[in-house]
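Working notes, structure below.
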Amino acid sequence: MWKLIRCVALLSLVATLNNCGRSNNLANDFNGSEDRSWPDGAQIEIYLHSSVPQAMQEALIRAIDKQNSVLKKTFIYLNGQSKASGFDHDPTNFNFDDILHDDLNALYFTSGSLPSAEGAESPDAVTQTWFTDGEIGGGDIIFKTDKIKSESQAEVVMLHELGHLIGLEHDEEHSENIMHPLVNTTMLKGPFTPDYCRELSKRYETKDCPE
């Protein structure tokens, strides 16, 4: 039986904290103690939906390149806009179950609402994956269009969401970790901390990742 997990990111700017709070972390609502990862040596193809702004695409690619730089065998790559059947989702009104089961891993931007904890502000982005017995089979990353104001914001949130896509959970204890629920653009100077790399190495072979 497949299981679903949704994880969210909150962006705190260098000078301005996002007034959201940690209650926006949905991971605890969907998540068990089971470690999740893609199959060994997986090639994770992510499709770029037409809703992704052209101005943000280079930042998203930079984030993918940085994530790949610390993975030895597993590899993430970006495909162009797809005309595949079932990929014409309305970016203003997603059915999140539908996009999870369209057999595509994809990046979306939406002006609609994202899932959030009860009473909490809508997050900046959400990642949902499905998995069986700890093995991830697919997932999507959805950004909230009006929350992402710059390329640097897009890049740091993308790095956080890629962590969720490959099975990492939030790290509440280490504020400098890219997997902390509140991320900020200063993390781009050195996004992969020893705490991050230790968790990554439990799931994948790593390279050039400080431990």
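The values are calculated or read from the model by the stated rules, or taken from the named source; none is laboratory data. Quick caveat: nothing in here was measured; it's all calculated off a predicted structure. So basically every Cβ, Gly included, is an ideal-geometry build from the backbone, and we count neighbours across all protein chains shown.
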Contact list please: Cβ distance under 7 Å, first residue in segment 189-205 and closer than 18 Å to residue 155 by Cβ, second residue hydrophobic (A, V, I, L, M, F, W, C) and part of a helix (DSSP H, G or I), pairs at least six apart or on different chains. 191/159
Can you tell me how many residues in segment 51-65 are in contact (Cβ under 8 Å) with a residue 40 or more places away in the chain and either part of a helix (DSSP H, G or I) or not aliphatic (A, V, I, L, M) (or both)? 10
Taking only segment 38-65 into account, find how many residues are of a type in the set (Gly, Ala, Ser) and at pLDDT 95 or above. 2
Restricting attention to segment 66-109, report how many residues are modelled with pLDDT of 90 or more, in a loop (DSSP other than H, G, I, E, B) and β-branched (Val, Ile, Thr). 2
Report, ordered by the first and then the second residue, all pairs with beta carbons closer than 9 Å, sequence separation of six or more or different chains, a first member in segment 130-150 that is touching a residue at least 12 places away in the same chain (Cβ under 8 Å) and closer than 15 Å to residue 169 by Cα, and a second member that is among the basic types (Lys, Arg) and assigned to a strand (DSSP E or B). 130/3; 131/3
Those residues that are crowded, with 18+ Cβ neighbours inside 10 Å and either over 15 Å from the mean Cα position of the chain (by Cα) or closer than 19 Å to residue 74 by Cα (or both), I need them from segment 166-178; list them, please. 166, 167, 168, 169
